[in-house]
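Have a look at the structure below before the remarks.
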Amino acid sequence: MASDKLFSEDYLDQLNPNKETEQGPVTVFGLTFKNDEERRQYFRDELRRRLPELRQIEGFPIGEDDDIINLSDPPYYTACPNPWLNDFIQQWEDEKKQLQLEGKRKADFDVKEPYASDIKEGKNSAIYNAHFYHTKVPHQAIMRYLLHYTQPGDIVLDNFAGTGMTGVAANELSKPMTYTNLIAGNDGKWGFRNCILNDLSPFASFITYNYTHSVNKNAFHKAAKEILDELKNKFAWTYQTKHSSDVFGEVNYFVWSEVQTCPFCGRDFTYWDAAVNLEKQKVLDIYPCPHCGTMINKKDSVKSTETIYDASLNSSYEQIRYVPVLVNYSVGKKRHERPVSEFDTELVERIQQEPFKTWFPNNPMMGIGEKWGDTWRAGYHIGFNHVHNFYSKRNLIILSYFYELICNYNCDARLKAYLKAWFTSSQSRLHIMNRYAAKHHRHVGPLANTLYVSGTPTEISPFYFIESKISDNFIDITSNYNVTNQVASASSILLDNNSVDYIFTDPPFGGNIMYSELNFIYESWLKVLTNNGEEAITNDSQHKDVMEYQRLMLACFKEYFRLLKPGKWMTVEFSNTSAAIWNSIQNTIKQAGFVIASVSDLNKGRGGLHGITTTTAVKQDLAISCYKPSYKIQSFTPENGIQNAWDFIEDYIDHLPPCKIVNGKLLKVMERDPRILYDRLISYFVQRGFNIPFNSTDFQNGLSLRYIQKDDMFFTASQAAEYDKLKLKAFDFVPMGIMVSDEANGIEWLKNQLRDKSQTYQEIYPEFIKALNGVRKGDQIPGLDILLEENFIQNEDGTWRLPNVDDDVDLEKLRTKALLKEFKLYLEVCRKPRGKLKDVRVEAVRAGFKQCYSDKNFAEIILVGDRIPQNLLTEDEILLQYYDIASSKV
């Protein structure tokens, strides 16, 4: 194919038969334009005019004005803070009135209960797989939440939007017949939602834009085929190999090997020859030097380096030496694999001499230098200091020309953006971070969530992979011009207070994924980079620990609280194995003002809300459902302590599901447990600086007077009736199993054991030992004898029973007195110059913190909090809550 045909206007008209999508009158915010291109140019000019002011907003990306403008499609998508968000809000609120007149919305729509069902959705939809990203929530799962919490025309917000699956879900709700499995029980709720999406990453936001705004897929397919043909015509020779004297094959991939130097004989050898055994499909961790036979441990291996002159940088540097060792290729439909030949090595040498004729990114990695972030690995990244170092020269030449063809392609701006999305979607396999796995006898892609160049990097032919991404991106994208997205910090959104009807969000969780580092290479091609100053992660290179992560997340959740309407809901997706991060998330949600009503499994199909009472549940993917209290609850004053407390509990119980049924089994709702209810009350009062109006015994007595108790849960009268109906439908009731991971759980476990009959110490002890599991380092759980003496009543025959109401009052006083006595001992140790507490009784610290809070003695909370094991502080929700409040007071 000739280049003049590729870029001719006549050919473009033939290629894009639906070009009228960019034609015809377009009205936005009351302004009418001849077509989309005129609309786009008008708002780009407006955006350029506002950039100086927008640059002052937290999270504004790193990039030149022209690059930010060219990446944007305003007002729907801006690669920076979007100044038109409130205009969209006003327009959408006006549209709600019309939808209500048409009977598509209800004026009295009010969601009292959270969506508490566990969700299991696959990750195999076309739009999910079209473009790679580090983490996603399937849009079908999000649709379930939208159907429960919202109605057509509602405004949804996601400030950690990633690749925009919340926006995809909002769009897909206009197609009920495509999702027949979701129709049951959702009559009247189908119809698109309006959606505001935000992410700190320009790369993520660009992906979002492309999969939430319609594009002519036939025009894309033809343009992509033409561009691919041009690439093949120009560079097919670079991925050919000799099969026989007169037959050539098309290379699928080359495997390279790092070269190592024996620390004993000083001679070089390839890691491949020494350590990789294809016949046994294994890679040796300890292997002999091929020259002297001395055994070498991979961890202690010495990389051979070479001096590279880089013309693009006009400088030289040392880099690990790699050589090609294996080629996988196809002749017709048959695949072959063999060691590289002389033809292959000569081809590599020829390519090394080829000059670059088109642009590619060669900026320093994150601008940090030799150690550029937490994904940098000593010994593996020697010489990988710039973006282009992560590509083979052969692939980089082709990719840079690929990018040039797209940039120069004569088409409307929407199609060009989608072609660039096709380009970035191809990137996941076209760098040298792909690995070869001898165990699987094939390449297996890059190591997840890190920038890592292995000892056997794999260079994949771009042609077959780019072609495969054409079909992956040949998809139907629903769009009603109801999704807008931007690049900004989640803590600084240009929206008025109380603007949105629902929030679904999947925020970063500690150090799971280093987004700005992982996105840096791809954003370098887009020429707009993440400003990671306020990136909410734990990261040593950015000097962000758990406490800093919590500070950043608190700012983000406070912004969510500001923007959500009172009485409305937020769903937070959570996935992390760190109890400290789990508690940080819960604590910041509550500190921001939200009330947590439910925690459920997002996609593993397992029951269990024990994430509230144990730290083991953080190994699941969970969805935290919380709500913004009504104006009445928010307007509490300290003077009405007891009345405030019962108003809060009434409102809270009213927001809980009556039960959970999974596979026909009725599961206990842990949030209805009196201990959890009391914790929620304490949390809400402490966050507002109110005194706790009564102890746990008085609280439970009050519950018994005001609410109906069933199966150790408390209900309103109407909820109890509903619970009884649901219980009849279930074939079994499953009480929540409790593991004894701390003292509080130990007491609950004992209550369960003694509920039906009194037992002796000897009868209880074997089962108690079996239940002990997951006790945190530094936490002293009292012996079974102490737990029984402090919390239960011993009968004359030596058996132990549950206390009655009168017993409870006395036991509570005695127990509190004992705990505070122990806390005073801790204080004495902490007041010493180097006093540290290696092990503590967490319940004693909780009781002491509570007393210090009541006495406004915040300094002592800080003193002890700084001297106890930090894992106990960060992993204990109640301790962390008191400590954070005290920190803000001193």
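Computed from the coordinates by the stated procedures, all read-outs in this text should not be read as laboratory data. Fair warning: this is a prediction, and the values are worked out from it, not measured in the lab. Positions of Cβ are backbone-derived with ideal geometry, glycine not excepted, and every protein chain shown enters the neighbour counts.
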Formal net charge of residues neighbouring Asp199 (Cβ-Cβ distance under 12 Å; K, R +1; D, E -1): -4
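Would you mind classifying region 48-157 by shape? Square roots of the alpha carbon gyration tensor eigenvalues, ordered a ≥ b ≥ c; an a/c under 1.5 is rounded, otherwise it is prolate if a/b is larger than b/c and oblate if not. Please report the intermediate quantities before stating the final value.
Values: a/c = 2.53, a/b = 1.34, b/c = 1.89.
Verdict is oblate for region 48-157.
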C-alpha center-to-center spacing [region 446-500, region 370-443] in angstrom: 14 Å
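By its C-alpha gyration tensor, with a ≥ b ≥ c as the square roots of the eigenvalues, how is region 312-464 shaped: rounded for a/c under 1.5, else prolate for a/b larger than b/c, else oblate?
On the way: a/c = 1.42, a/b = 1.08, b/c = 1.32.
Rounded shape, in that the Cα axes give a/c under 1.5.
Taking the beta-carbon count within 10 Å as an exposure proxy, list Met433, Met295, Met547 from fewest neighbours to most.
On the way: Met433 21, Met295 10, Met547 18.
Fewest-to-most Cβ neighbours within 10 Å comes out as Met295, Met547, Met433.
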Under the definition of Cα pairs under 8 Å and six or more residues apart, what whole-number percent is the relative contact order of region 816-890? 33 percent
Cα-based reach from Lys813 at 27 Å (exclusive), listing lysines while leaving out same-chain residues under 8 positions away: Lys751, Lys757, Lys821, Lys824, Lys850, Lys856
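State the antiparallel share, in %, of DSSP beta bridges confined to the chain, rounding to the nearest 5. Spell out each step's value before the answer.
Details: 69 of 92 bridges.
Percent antiparallel among DSSP bridges in the chain is about 75.
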Using only the Cα atoms of region 816-890, build the gyration tensor, take square roots of its eigenvalues as a ≥ b ≥ c, and label the shape rounded, prolate or oblate: rounded if a/c is under 1.5, else prolate if a/b is larger than b/c, else oblate. rounded
16 Å Cα-Cα reach of Lys120 towards aspartates and glutamates, excluding residues that sit fewer than 8 places from it in its own chain: Glu573, Asp601, Asp621
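Give Lys710/Lys817; Lys628/Lys660; Lys280/Lys303 a once-over and call out the pairs whose C-alpha atoms are over 29 Å from each other.
Listed pairs above 29 Å: Lys710/Lys817.
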For the chain, calculated [θ]222 nm from helices alone, where every DSSP H run of n ≥ 4 adds -39500 (n - 2.57): -12500 deg cm²/dmol
Return the whole-Å distance between the Cα centroid of region 824-868 and the Cα centroid of region 207-272. 61 Å
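Which net charge results for the neighbourhood of Asp540, defined as the other residues with beta-carbon distances under 12 angstrom from its beta-carbon, given Lys and Arg at +1 and Asp and Glu at -1?
Numbers: positive: Lys371, Lys544; negative: Asp374, Glu517, Asp545, Glu548.
Cβ neighbours under 12 Å give a net charge of -2.
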Describe numerically, in nm with one decimal, the distance between label points set 7 Å from Cα along Cα→Cβ at Ser704 and at Ala378. 6.2 nm
For Kirkwood radius over Cα pairs in Å, one of [x] 32.3; [y] 30.7; [z] 33.4 was computed from the structure I shared and the rest are decoys. Which label? [y]
Between region 49-95 and region 624-674, what is the C-alpha centre distance in whole Å? 38 Å
Of 587-596, 828-837, ordering from highest average Cβ density within 10 Å down gives 587-596, 828-837
Beyond 22 Å (Cα-Cα) in this structure, taken from Lys97/Lys558; Lys123/Lys527; Lys371/Lys544; Lys175/Lys565; Lys420/Lys469, we find Lys97/Lys558; Lys123/Lys527; Lys175/Lys565
Most to least packed among 450-462, 809-821 [average Cβ atoms within 10 Å]: 450-462, 809-821
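Give me the percent relative contact order of the chain, please, defined on Cα pairs under 8 angstrom at least 6 residues apart.
Values: 1546 pairs, mean separation 113.8, N = 890.
Relative contact order here is 13 percent.
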Using Cα pairs under 8 angstrom and six or more residues apart, how large is the relative contact order of region 738-802, in percent? 44 percent
